[in-house]
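Chemist: First the structure, which I've put down as structure tokens, then a few questions once you've had a look.
The values are calculated or read from the model by the stated rules, or taken from the named source; none is laboratory data. Quantities reported herein were computed from a predicted structural model and do not represent experimental measurements. Here the Cβ is made from the backbone with ideal geometry for all residues, glycine too, and neighbour counts use every protein chain on show. Accessible surface is based on the protein model in full, side chains and every heavy atom, while ligands, DNA and RNA are left aside. Shrake-Rupley method; radii C 1.70, N 1.55, O 1.52, S 1.80 Å.
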Amino acid sequence: MALPAFLAHQNPARVLILGGGDGAAMSFCARDERVRSITLVDLDIRVVELTQEHIPSLWGNALENYEGRLRYCFEDALTFLQRDHLPFDIIISDITDPNESESAAHLLSSEFFSAIRACLAPGGILAMQSGEYAPSTKTAHEGFLSLVSQNFAYCLTVAAYIPWFSAEWSFTFAQNDNPFPD
């Protein structure tokens, strides 16, 4: 989900990852030489510890290559966003689907997307997974897009078949300053 945002942004120097405690998004971001700092906010330190111990391939070389430029915060994503208004060039929301976890339900709210918007630098991009993209989930997906559209001038959703999920999955990108290229 991060690649399109990195392709669209000219200088993604500061990256915020909400969730993503498995390290996969971190590993991707750390490969881009333009990135100067990465902040990872995850609710559960154990997810980070267990994946680093048992599935280190998800983290790649991010930990070694990014020492000193990586910041961990183990807290709720909305709490972090409301407190820490650093400008980020790219914000990746890689949180648990709210329908899978009651602890993440408040992250599918206008308040959450408003807080993300407040933390984006000019020209900043939000990249996030936006759930299964199927006729049976169309209403939920449209509700999600409505929340994003309330806070961002430009939204783009793409879908791809993800073998791990055995389903077509959607990814949404949003920003306020510039329309996405066709």
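Chemist: May I ask you to work out the translational diffusion coefficient for the chain at 4 °C, viscosity 1.567 mPa s, via Stokes-Einstein with Rh from the Kirkwood sum over Cα pairs, reported in whole µm²/s?
Modeler: Reported coefficient: 78 µm²/s.
Chemist: Continuing with this model, one more query. Taking all protein chains in place and a 1.4 Å probe, what share, in percent, of the accessible surface of the chain do carbon and sulfur account for?
Modeler: Here it works out to 54 percent.
Chemist: Full extension from residue 145 to residue 71: what is 0.36 nm times the residue separation minus their Cα-Cα distance, to one decimal in nm?
Modeler: This chain segment gains 23.7 nm when fully extended.
Chemist: Across region 1-84, how large is the tail of the calculated P(r) beyond 15 Å, expressed as a percent of all Cα pairs?
Modeler: 56 percent
Chemist: With unit charges on the beta carbon (Lys/Arg positive, Asp/Glu negative), name the residue among 45, 86, 3 whose Cα is farthest towards the positive pole of the charge dipole of the chain.
Modeler: Going by the Cα projections, it comes out as 86.
Chemist: Where only protein heavy atoms count, and the probe is 1.4 Å, what is the accessible area per residue for region 16-94 in Å²?
Modeler: 49 Å²
Chemist: Suppose every Lys and Arg Cβ carries +1 and every Asp and Glu Cβ carries -1, with no other charges. What dipole size does region 1-87 come out with about its Cα centre, to the nearest 20 debye?
Modeler: Result for region 1-87 is approximately 400 debye, rounded to the nearest 20.
Chemist: What does the helix-only formula give at 222 nm for the chain: each DSSP H stretch with n ≥ 4 adding -39500 (n - 2.57), the total divided by the residues, and the result rounded to the nearest 500 deg cm²/dmol?
Modeler: -9000 deg cm²/dmol
Chemist: Loop-only GluC sites (Glu not before Pro) in region 5-55, please: DSSP not H, G, I, E or B, and at most 13 other Cβ atoms within 10 Å.
Modeler: Within region 5-55, the qualifying GluC sites (Glu not before Pro) (loop, at most 13 other Cβ atoms within 10 Å) are 33.
Chemist: Sort 126-136, 155-165 for me by packing, meaning the mean count of neighbouring Cβ atoms within 10 Å per residue, highest on top.
Modeler: Answer by packing, highest mean first, reads 126-136, 155-165.
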